[in-house]
Structure formats: C-alpha cells, structure tokens
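Asks: Before I ask anything, let me first share the structure, which is written out below as structure tokens.
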Amino acid sequence: MLSFDASSFAIAGAIAAAGPIIIHLLNRRRFRTVSWAAMDFLREALERNRRILHVRDIILLALRILAVVLFGLVLARPFFKGTASGALWHGVLLGFCLLVTFGSAIALVTSGARQGRAKLTAGGLCLAGLLGSVFGLAGIARQSSPARDTAANARAPVHAVLVIDNSRSMGVESLGGTLLDRAKGKAAEFIDSLPPESRITMIPLAGSEDPFTLDAYRNKEDSRRALDRVKLVDAEGNVRVGLEQAEQACQQAADLPTKRVVLLTDLQANAWQSGVAPEQLQRLSGMQIVDVATASANNVWVSRFHLEDGLASAEVPCRLLAHVEAAGPKNESGEKSFEVQVRLLIDGTEVASQAVELSPGQSREIEFNHQFDVTADPLKPGSVVATLVVQSELQSTDQLPSDNRQQIVIPIVASLPVLFIDQYGDEENLEKSRIGETYALRHLMAPRSSSDKSQRRLIHVEHLRLNQLTQELLETARLVVIAGVEKPDETAIPLLHDYVQQGGPLVIMAGGNFDPVAWQERAWIDGRGILPAMLDAKPLGVTPEEAPTQVQPFFADFASMQHDFFLVEGEDPQTLASLFEVTPFFKAIRVDLNAASLEALLTADTRRFAEDKAFLDHYVARQLNQSAQSTSASARDADEDRRFRAIEPAWWNWRSPLPLIDRSVNSNELAKRSQPRILATFNKNQLPFSVERRLGAGRIVMFTSGVTSNWNLLRGSGAMYLFHRAFCQLMEGTLATRNYLAGQKISLPVERRADVRFAVTRPSGVREPLTVDAISADASGVTIRRPVQAGTYFVVSEQAESTAPGSASNTLDYIPLAVNGAEQESDLAATTVPDLQQRLGHEHVRVLTADEPILVEGGTRRGQDLWKLFAWSVLGCLLLEQTVLAWPMLRKQ
C-alpha cells in the first residue's frame, strides 16, 4: 500500500493540479474570434499548424499538471507499505485516477467552441478524476500515520527483537568469516542505527549453552555483549519456535509500543518446511527477514554412522557403517571428483582409515570391520566411543567443517540371556525328529553350542517349554521368543505381560501345531494379554501334508516392509526383495485388524488408561499423606499396593526407573500409542505377515508363520538374516540410551544419595556439577541442560567427601553420551528471497538480501527514497516545459 509521511502535501498537490487547467481555460476566454475578410488567405496556413499547436498545448498542460502533482508528492515523502504487489495495486488505482484527470483536462482545454457536449463530458470526468485522486490520497493519509510509524519517524525509542540463526548451517566459511559472523555484523549495524533509549532483545534461534533471557537489554553496550555471546551450535534451528519466542519477547517492555523484529538467517530450505502461521506473521507486523547467504556452498559431511546390528561383542568383529555425502557446484579447480580421507577412532585412537573419491551430489557408503578389546560383564554392558572423521583434500570443496565428525557410543555386551520357547524345549531330540520351532532361530543367533561355557558369547540361549517359564528366568532375559507352541500356558501369560510392561521385548511366531483358537481364548484377554491383536480361527493356506491336492503357496510382499527390521543398510532393495520372491509360504495365521476391532480396542484401552491414571494419582497422594503422617497401612492399602504393582511391576532387572504410564499424556493418546500396526504383509489379500504392538515400555512382535516347520521354506532362505536383525534391534532397545541429537533433552535416572555427587564434562572440556532432581513423579535423576554442541559428554559420579573433583581415584562410575548434529543441517540448499516472500505471502513481512540495510522503520516500509525520484521528475517536467516553449524560436534560428 502507498503511504506518506506528510499526506496533506499530496492532497494539496492534487488540488493545486487544477490550477494549470483553469489558467488554460481562462487564457482561451481572453480572446474573441472576429471574422476579417483580409485574413481568409491565412486560414489555409493556420489549418496546417493547427495540429502542431494542439499537440504543444497538450504537452504543456500535461507537464504543468504533472509537475504540480509530483511536487506535492515530494513534500509528502511517499513510501510503500506491505508487499510489492499490494503497493503496485494502490499505485495503479491512484495512477488511473490521475490519468483520467489528465486526459479529461486535456480534452476540455483542446475541445472546440462548438463541442458543448464534449466539454461537458470532459469537465465531468476531470472533476471525477480529481475528486477520486483527492479522496484516494485522503484515504491513504488515514492509514499511513499510526502511532508506531509516527513514533519511529520522530526517532523515538523502539523495542528491537533480534533473532540470530546460530544453527550448524550458519557455520559455512568464506574469506569474510562464517555466515554467523556476517549475521552478527549486520545485527551490530542495526543496533548502532537504533534511536537512543531503545531496548534490544537477543534470541539465538538454535539455542545456546549459555542461558539467554527474553528480557530486553536497556542499552546498546549490553546488547552488543549479548550478541558476542551468540555462538555456533550443532542443533537445528526451528523458525516457528524462534518466532514464538520473539512474540513472547515483544510482550516485554510494554512502555515501548513500537516493536521491530528482525530474523537473520541463511534461508536454509529445511528450516522453513514446517511453515509459519499467517496469524503469527500478522502479530509480528513489520518483521524483517535478512538473508545473509550470498552464494551456494560446497559441503562434505558424515550423514549416518552406526553399528550394523546395534550390539557388539568382544569376541567377534563387528561392522560399522557410515555414509559420506558431498553437495554443491564443482570445485574451483574444475575437477568433477575429489578425494576425502575417512578415519575411524575408538576412544580417541585412530584404528583405521580409507581414501574415498567423491563428486558433488554423490553419496558413498563406508564400511569398517573392527574387533573391540573390551571386557564385558553380562550384568553391566561396557561401552566405547566410536568416532568417524572425514576430511577433504581441497578446502573449497568443504565450507562447513562442523559436520565432518560423528560419534556414537557402542554397547559392548556378552552373554545376553535370550529365552527360546517352543513345543519341545529341553525335550528336543534331533534323532527322533523332535525339532522345536525355534531351532533355526537359535542357531542363527548363537551358532556355537550353548553348552560351551569357555567363552562369553553375544547371546546366551535358554531353551525351554512354556510351562517351565519362571519369573527368575525372565528377570535377566533381554528377549523372549515363543514359536510353535500349540496352547499358551495360563500361568505364563501374566508373567510375560508384566515382562513386556517393564520394557522386555517379546516375539511370538506361529508354526508347529500353533492353535489360533486356543491362543485367542487364553492370551488375548480383551487386549490385556500378550497378543498384539485378535486372531482369526481360520488360518491362511495349509501345509503340504494337510493339502488334499496341490499346495497353493503365497509370498511375503517386500514392498510392504518399510520397517527397520527389513531395510538393511547398504543392501540393494531389489536383492532383498528377491529373497522373499523365491521363498514360498504355505500356511499363516490370520490377524483380525478390521476397523471395528481396532475402534473397540482403542475405546477399551482409553477407558483402562483413564482408570489406571486416576488410581495412580490417588495412590501417589496416599503415599505422600502416609509419609507425612506416618500412618499405618490397612487392608485396603494392601489391596491398592497389589494393584499398583500390577500397573507398575518392577522386578525385571533392566527396567527403567521411570513410570510405565506417563500421567502427563491424556488417556486417548496413550491408547493410540498402544494400537497394533502392521509391519509387513503377504501378497495374498495383503494379510499381515508381521504385527507389532507396544505394551507399556515394551513391544510385542508377532510373525504369523513359522521358521522351522513346514509352514514355509524360510529356514533355508537368506531371508532368515532379517530375523537376526530384528532380534538384535529388539535387544538393543533394552539397553540404556546413550546417543542423542543436539538440543534433545538428556535425563539420566540415578539414585539420590548424600554420599555421591555428579558432574558432566562437555565436549569443550568444561566441567559442570549436576544436581539430582525429580525427573518424573516417582523417579529422580540428573539432567544435562542445553546439550546443543555435538561431541562426547561424560557424566561422572564420585564420592561427595572427595576434595579433588575429577580425580580418577574418587570416580565411582562414568557414562559416555554421544551427541550429534541434525543431518538436515548439512543440506545447505536454500530458498530464494522471492520464493520465500511468496511463500510467506504476508504484506507485513519483508525479506531482505545480504546487501540491503535493516530499517528502523520496520519491514512494512519500502521505497523511502521514492521522493528523490519524484523531485528529479519535477525538475525534468520544468525543463521539458521550457524546451517546448522555446522550440519555435530554436527552429527559426
């Protein structure tokens, strides 16, 4: 929208434009036409010059009107408010009114004496156009002088909110420093341009290790010091969250109603994917977004780094996989490819390296095989920190060095107890063809004999029947696999249910004499049992022995296998698909997952969670009351204690101390989380092959066919490897989390003890004490604040009475934690200024390039120097007028 600092001058200029018209009309009325016979011979000559005179009058009149209007606009000091499209429409409408005024005035002046109707029409149009221009300018005047603009124009103090993008992508280096350095430089220039007594709020978009406040600094010196404290971090910058913080900051300093919000960023495309609500932009009216990036950048980075199976043993070499990527245009030397050196470090010591050729836009998978020399305790896994470092031979090919490193904490385990339960258990006899359904799985997970106790193995196999299952066996089990069992033992169901509730993974497989009717009756229990979903009585297909005629095989549909269990890193998807395409299935159990069953389960779970949460609230309140009053327990209290132990069992050795039911989440959301989901299907009617359901902190995974019996030919197929992968991932989930993303909350449950103190050493080497606080309603722990820098954090516990903090002799335990930056921060693709302006689509937001200054007037004002163009135009009109008047004399000379 077109606006003015002094709109009355524009209105006066439009009114004064009628002056030249009136003068021309009066000038014509001074002369009276007199017929003179002696002048008849001149008529012919005058007729030839008539058109020239008319053209000259038109030009003179137009120049004089335009000069007066433009002079009024110069004094009014116009500018554009909002987007260019909005300003263009206002300019077009006002220009149309002026054009009608000019055209009708010229027609009125140049019309003949006998053209009365034409004069009347031209006069009416001239008056209408002039009135439209005046009223249009008056309307603009009413909207162009709100209090905040008047205050800003008068150089009154403002409250400026600076949001500085300090995410990893702002670390792109050039000759002038990083993009963050450029952003801080422009922010400093803007601070210097602010009127005296202004206040400034500084917000790091991606967070900071140092605490920042939303309160405004009262002078420029304090704000400059705060700006200097904005450091590059490895966390992802969320624009929406940053603008929400800016909105909260704007509510501060209520005595300064004029707000100026400025976001300085590199316009990284990933940061704008979530979008910004138009209402938020409207509340931040006048916001300016500054693009500090000037050109596309080259980058080489480690996109992924992980242990293949998630677990490592000290006995067997493990496989570490990484992806190294390159992006950007060709390097300065013009070569299409370049060499990068990839190094593997274990606990800070380099153990292997590779040289890799890369081209822009290319991704390469790197593989390292390494055997760890670490002693592992079956009851307490060890850990090592593996770091992958990539370095390019040419600096110009890698302008973002902060993403050249990734680290992971690898658990070193030994003798993880896994219970394999089938129809024969310890009564298995190969000579009598009594082969349990888990036979192929046991040999897949533990190739060596389970009777060999001379070495610690990754998997310690316990093979038994379901009626032999006890709580003592489950207390240390990292995984339970049940396959080929005809009927579930009713005494084992509650044990397995509590085991899964506490976080233990359970795999159920069909095969053998698996009876879906018996399992449905005994193990479903209206969703409170150990089945992930209801089972149909009629199976899919028959075994070759059961088939009356020729068997009709079916196959697993690899296209449906989008879970991590089936997607193997570095393997060709077509190769994986071929494993299932040649592996026939003859029989499988049908799982009932129709919409009505799922809706009924969701309703029942919602009601159950609501009842459990209400009881837990009552129980915790009762415990606090008893603790405060030291009252004795009653029989009713004993019943409530039993119910609490049923909801929150706590006998599994690897159970997290955190509550199994998150009371901060509503019951419906908890029920949705526990809904069954399909992991894979068959190609026949898309019936489920694998189904998963979360129960408490654990997971139940069911495969609807077997692996050893004649239900299929899996046991001789390469697809068996996927069961090894799935089992390892399930066991990895029972280990404590040690790998995080930058900015992610890190809370470690610990016991509150007066004789133990905790501290954390950050990647920068800074050591900070940690306090033991409540991290939930029933658990205490330590929390690492603002882990926004990538690297390894070490949490140390030591004797409280020690006078030498950090001494190895006083250390009781230490826990390494690996923090990595977000992968998307390495993708430096940026959106352009016009594209972002179009995407935002809001007239009160202005997107600036790196060369444009940040305006104190705010993002709604554009074209403040427009008055200079109008001033030159006035001078041009006057010069052209003199030239037109002098033209006849110049021709005579």
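The values are calculated or read from the model by the stated rules, or taken from the named source; none is laboratory data. Given the structure is predicted, the values throughout are model-derived calculations rather than measurements. Counting neighbours? That spans all protein chains shown, and the Cβs are built from the backbone with ideal geometry, glycine included. These accessible areas exclude ligands, DNA and RNA; they are computed on the full protein's heavy atoms, side chains included. Shrake-Rupley method; radii C 1.70, N 1.55, O 1.52, S 1.80 Å.
Asks: Those residues that are surrounded by 12 or more Cβ atoms within 10 Å (Cβ to Cβ) and assigned to a loop (DSSP other than H, G, I, E, B), I need them from segment 410-433; list them, please.
Replies: Those that are surrounded by 12 or more Cβ atoms within 10 Å (Cβ to Cβ) and assigned to a loop (DSSP other than H, G, I, E, B): Ala414, Ser415, Asp422, Gln423, Tyr424, Glu428.
Asks: Tally time: how many residues in segment 810-843 are hydroxyl-bearing (Ser, Thr, Tyr), modelled with pLDDT of 85 or more and not in a loop (DSSP other than H, G, I, E, B)?
Replies: Total satisfying the criteria: 2.
Asks: Moving to a separate point now. Which of the residues that make up segment 569-592 are open to solvent by 40 Å² or more (accessible area, probe 1.4 Å) and part of a loop (DSSP other than H, G, I, E, B)?
Replies: Glu569, Gly570, Glu571, Asp572, Val582, Arg590
Asks: Here's a follow-up. Is there any pair linking a residue in segment 559-574 that is under 10 Å from Leu722 (Cβ atoms) to one that is open to solvent by 70 Å² or more (accessible area, probe 1.4 Å) and hydroxyl-bearing (Ser, Thr, Tyr), with Cβ under 9 Å and at least six apart or on different chains, and which?
Replies: Pairs that qualify, where the first residue is under 10 Å from Leu722 (Cβ atoms) and the partner is open to solvent by 70 Å² or more (accessible area, probe 1.4 Å) and hydroxyl-bearing (Ser, Thr, Tyr), are Val568/Tyr721.
Asks: Out of the residues in segment 189-221 that are in a strand (DSSP E or B) and of a type outside the set (Lys, Arg), which is farthest from Val290 (Cα to Cα)?
Replies: Ranking the qualifying residues of segment 189-221, first place goes to Tyr217.
Asks: Among (1) under 25 Å from the mean Cα position of the chain (by Cα); (2) on the phi > 0 side of the Ramachandran plot, where does Ile408 come up short?
Replies: Among (1) under 25 Å from the mean Cα position of the chain (by Cα); (2) on the phi > 0 side of the Ramachandran plot, Ile408 violates only (2).
Asks: From the set of residues in segment 696-735 that are among the basic types (Lys, Arg) and closer than 23 Å to Ala477 by Cβ, which is most open to solvent (accessible area, probe 1.4 Å)?
Replies: Filtering first and then ranking leaves Arg699.
Asks: A further question on this structure: Only residues that are surrounded by 14 or more Cβ atoms within 10 Å (Cβ to Cβ) and modelled with pLDDT under 70: list them for segment 844-893, please.
Replies: Gly859, Thr860, Arg861, Arg862, Gly863, Gln864, Leu866, Trp867, listed by residue number.
Asks: How many of the residues in segment 639-656 are touching a helix residue (DSSP H, G or I) at 6+ places or on another chain (Cβ under 7 Å) and surrounded by 15 or more Cβ atoms within 10 Å (Cβ to Cβ)?
Replies: Final tally of qualifying residues: 5.
Asks: Would segment 370-392 turn up any residue that is in a loop (DSSP other than H, G, I, E, B), without any contact (Cβ under 8 Å) to a residue 12 or more places away in the chain, hydroxyl-bearing (Ser, Thr, Tyr) and more than 20 Å from Gly733 (Cβ to Cβ)?
Replies: No, that holds for no residue.
Asks: Quick one: Ala556 ticks every box in (1) free of Cβ contacts under 8 Å to residues at least 24 places away in the same chain; (2) in contact with a Phe, Trp or Tyr (Cβ under 9 Å, 6 or more places away or on another chain) bar one, so which box is it?
Replies: Failing condition for Ala556: (1).
Asks: I've got another one for you. Name the strands (runs of 3 or more DSSP E) wholly within segment 256-362 that hold at least 3 residues that are surrounded by fewer than 14 Cβ atoms within 10 Å (Cβ to Cβ) and in contact with a His (Cβ under 9 Å, 6 or more places away or on another chain)?
Replies: none
Asks: Moving on. Residues in segment 615-625: is at least one surrounded by 13 or more Cβ atoms within 10 Å (Cβ to Cβ), of a type in the set (A, V, I, L, M, F, W, C), over 18 Å from Phe682 (Cβ atoms) and free of Cβ contacts under 8 Å to residues at least 24 places away in the same chain?
Replies: no
Asks: How many residues are open to solvent by 60 Å² or more (accessible area, probe 1.4 Å) and over 29 Å from Leu741 (Cα atoms) if we restrict to segment 188-224?
Replies: Final tally of qualifying residues: 7.
Asks: Of Leu670, Leu660, which residue is buried (at least 18 other Cβ atoms within 10 Å of the Cβ), modelled with pLDDT under 90 and more than 30 Å from Phe585 (Cβ to Cβ)?
Replies: Result of the check over Leu670, Leu660: Leu660.
Asks: Failed condition for Arg752, given (1) among the basic types (Lys, Arg); (2) assigned to a strand (DSSP E or B); (3) under 30 Å from Asp813 (Cα atoms), with all others met?
Replies: The failed condition is (2).
Asks: Something else now. Please indicate, with yes or no, whether at least one residue in segment 767-776 is open to solvent by 60 Å² or more (accessible area, probe 1.4 Å) and of a type in the set (A, V, I, L, M, F, W, C).
Replies: Yes, segment 767-776 contains at least one residue that is open to solvent by 60 Å² or more (accessible area, probe 1.4 Å) and of a type in the set (A, V, I, L, M, F, W, C).
Asks: Pairs only if they're at least six apart or on different chains, beta carbon under 8 angstrom, first in segment 532-545 and closer than 11 Å to Leu687 by Cβ, second open to solvent by less than 60 Å² (accessible area, probe 1.4 Å) and basic (Lys, Arg); list them, first residue then second.
Replies: Filtered contacts from segment 532-545: Pro539/Lys587; Leu540/Lys587; Gly541/Lys587.
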